[in-house]
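Take a look at the structure below.
The values are calculated or read from the model by the stated rules, or taken from the named source; none is laboratory data. Bear in mind the structure is a predicted one, so any value in this text is a computation, not a measurement. A quick note on method: Cβ atoms are made from the backbone with ideal geometry, for glycine too, and the neighbour counts reach across all protein chains shown. Calculation scope for accessible area: heavy atoms of the full protein, side chains included, ligands and nucleic acids excluded. Shrake-Rupley method; radii C 1.70, N 1.55, O 1.52, S 1.80 Å.
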Amino acid sequence: MIVITTPAGQIGRQVLDRVLDRGEPVRVIARDPSRLPEGVRERVEVVPGSHGDADVLDRAFDGADSVFWLVPPNPRAASVDAAYVDFTRPACEAFGRHGVNRVVGVSALGRGVSDNAGFVSATLAADDAIAATGVAYRALVMPSFMDNVLRQVVPIRDRGVYSQPIPGDLKAPTCATRDIAAVAARLLLDHSWSGNGSVAVLGPEDLSADDMARTMSEVLGRPVRFERTPIEAYRAMLTGNGMSDAMAQGMVDMVVAKENGLDNAEPRTPGSSTPTSFRKWCEEVLRPAVLA
């Protein structure tokens, strides 16, 4: 039995689709089962509720062999540790209680690089908590996602502007969520691995924000320029959109760490370079969204 968390989310739904194609029994934990397509609900066992809830986890992990673990966003959390480490604690207890063999988790690059990287530091602390349970664990460590650009479809379409709170010439890896899902599904379907480790998902090349704006311009057939958002304006935008002060600070700390090389420390290898290029992603995902 494979258990998948966040089955209606950006990454979780793609993991679910790939696992279902292989015919293994699947159980999902869903806060709102109605968000799952009807065809999916007919093929999986659905446990309603939050995967931060111990009672929900007891139902979901009963008889489970492997678990896909992703902490959902909680922008109003009291701290980054509350959002990641505290949310993960009930699962850590449940993995052992139910004899789960393997866990594949969504994590981040940067171990050993910075002591204060906000969201990333809390994510890595949650990884450590999972690994300490004795369950076999693979943390998928990643940079920023190409798919995050979709949050800026309106300014890209209407003003030709793409913005980030980082220098425009800073080159770093970026990856597509489809590639993350492919790696996660492969590990979930492989019942032979053991121990703890990380698997980097880096995309095929390092790009700067200026590079990405040029690629968007070429693919969309219209000019797109990069504008750097001042860090205090970025913080104000986050809190203005309802994020708690602590979580906004966690985002700012992460951005500062990325500017100082957080995502550049992982060596690029044939195994960590995943296939979807930013150009291909723009052609297949961004362009349809902009033209919709």
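Output ³J(HN,Hα) for region 261-266: one whole-Hz value per residue in order, computed from phi by the Karplus curve 6.51 cos²θ - 1.76 cosθ + 1.60 with θ = phi - 60°, and x for Gly and Pro.
Residue by residue, region 261-266 yields x, 3, 8, 9, 7, 6 Hz.
Could you check how much of the accessible area of the chain is carbon and sulfur, as a whole percent, using a 1.4 Å probe? Don't skip to the answer; put the middle values down first.
Details: 6260 of 12880 Å².
Roughly 49 percent of what the probe reaches on the chain is carbon or sulfur.
If Lys and Arg each add +1 and Asp and Glu each add -1, what is the summed charge of the other residues whose beta carbon sits under 11 Å from the beta carbon of PRO90? Write out the running numbers ahead of the final one.
On the way: positive: ARG89, ARG97; negative: ASP53, ASP55, ASP58, ASP86, GLU93.
Once positives and negatives cancel, what remains is -3.
Just need the relative contact order of the chain here, percent rounded to a whole number, with Cα pairs under 8 Å and 6+ apart.
Numbers: 538 pairs, mean separation 59.0, N = 292.
About 20 percent, as a whole number.
How would you order 166-173, 138-145 from highest to lowest mean count of nearby Cβ atoms within 10 Å? Mind dumping the intermediate values first?
On the way: 166-173: 17.1, 138-145: 23.0.
Packing proxy ranking, top to bottom: 138-145, 166-173.
Name the residue farthest towards the positive end of the dipole of region 145-292 from the options MET243, LEU262, ASN148, assuming +1 on Cβ of Lys and Arg, -1 on Cβ of Asp and Glu, about the Cα centre.
The Cα lying farthest towards the positive end belongs to ASN148.
At 222 nm, what value in deg cm²/dmol follows for the chain if DSSP H runs of at least 4 each add -39500 (n - 2.57) and the sum is divided by all its residues, to the nearest 500?
On the way: 12 runs with 111 residues, N = 292.
Result for the chain, helices only: -11000 deg cm²/dmol.
Nearest-5 percent of antiparallel DSSP beta bridges in the chain?
Working: 2 of 33 bridges.
So the antiparallel bridges amount to about 5 percent of the total.
What is region 112-193 by shape, rounded, prolate or oblate, if you read a ≥ b ≥ c off the alpha carbon gyration tensor as root eigenvalues and call it rounded for a/c under 1.5, prolate for a/b larger than b/c, and oblate otherwise? Spell out each step's value before the answer.
Working: a/c = 3.07, a/b = 1.67, b/c = 1.84.
Since a/c reaches 1.5 but b/c is at least a/b, the shape of region 112-193 is classed as oblate.
Give me the distance between the Cα centres of region 104-169 and region 234-292, rounded to whole Å.
What the calculation gives is 6 Å, centre to centre.
Could I get the Rg over Rh figure for the chain? Both from C-alpha atoms, Rh via Kirkwood, rounded to two places. If you can, show how the numbers build up before the last one.
Working: Rg = 19.0 Å, Rh = 19.8 Å.
My calculation puts Rg/Rh at 0.96.
Enumerate the amide H contacts of VAL67 below 5 Å, restricted to partners 5 or more residues apart or on another chain; note that Pro and chain-start residues carry no placed amide H.
HN-HN under 5 Å from VAL67: VAL3, ARG102, VAL103, VAL104.
Rounded if a/c is under 1.5, else prolate if a/b beats b/c, else oblate: with a ≥ b ≥ c from the C-alpha gyration tensor eigenvalues square-rooted, which is region 135-252?
Values: a/c = 2.49, a/b = 1.53, b/c = 1.63.
Oblate.
Sum up the charges of everything whose Cβ sits under 15 Å from the Cβ of VAL252, counting Lys and Arg as +1 and Asp and Glu as -1, but leave VAL252 out. Don't jump to the answer; show the numbers that get you there.
Details: positive: ARG228, ARG235, LYS258; negative: GLU232, ASP245, ASP253, GLU259.
Local charge sum for VAL252: -1.
Just the number please: accessible area per residue for the chain, 1.4 Å probe, all protein chains included, in Å². Present the calculation step by step, with values, prior to reporting the outcome.
Values: 12880 Å² over 292 residues.
Here the residues of the chain average 44 Å² of exposed surface.
Name the residue, out of ALA82, ALA126, ALA182, whose mean-square fluctuation peaks in a Gaussian network model built on the chain with Cα pairs under 10 Å.
Evaluated over the chain, the most mobile residue of the options is ALA82.
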